[in-house]
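The values are calculated or read from the model by the stated rules, or taken from the named source; none is laboratory data. Being a predicted model, the structure only gives us computed values, none of them experimental. Methodologically, a virtual Cβ is constructed for each residue, glycine included, from the backbone with ideal geometry; neighbour enumeration extends over all protein chains shown.
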Ligand SMILES: [Zn+2]
């Protein structure tokens, strides 16, 4: 099984952040982001989707809207670096 298929399988079971996936699959965050972009397209073709639970700023509470998988370092609103990372999960339909 390819790493991307393994990521899909993992995200069917539970939500994971980019950091967690990088640790789990022993690869870089950059690779995980690339994989997630692919996974997003693969799932769409299968009639499923990669659901993105947005990063949330721990300082001001702002949920940061992201369209593509990426790592957010700072809150765009208050510039705080206390940001709970985005989590990804596979949903059917
Ligand atoms: Zn903030």
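Out of segment 35-63, which residues are surrounded by 15 or more Cβ atoms within 10 Å (Cβ to Cβ), part of a loop (DSSP other than H, G, I, E, B) and within 8 Å of the ligand (Cβ to nearest atom)?
62
The rows are residues; the columns are (1) modelled with pLDDT of 95 or more; (2) in contact with a strand residue (DSSP E or B) (Cβ under 8 Å, 6 or more places away or on another chain); (3) more than 16 Å from residue 85 (Cα to Cα).
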| position | (1), (2), (3) |
| --- | --- |
| 27 | yes, no, yes |
| 39 | yes, yes, yes |
| 49 | no, yes, yes |
| 60 | yes, no, no |
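Somewhere in segment 12-23, is a residue touching a strand residue (DSSP E or B) at 6+ places or on another chain (Cβ under 8 Å), assigned to a loop (DSSP other than H, G, I, E, B) and surrounded by 16 or more Cβ atoms within 10 Å (Cβ to Cβ)?
No, segment 12-23 contains no residue that is touching a strand residue (DSSP E or B) at 6+ places or on another chain (Cβ under 8 Å), assigned to a loop (DSSP other than H, G, I, E, B) and surrounded by 16 or more Cβ atoms within 10 Å (Cβ to Cβ).
Name the single residue, out of those in segment 64-77 being within 11 Å of the ligand (Cβ to nearest atom) and surrounded by 15 or more Cβ atoms within 10 Å (Cβ to Cβ), that is nearest to residue 49 (Cα to Cα).
Among those residues, the one meeting the criterion is 64.
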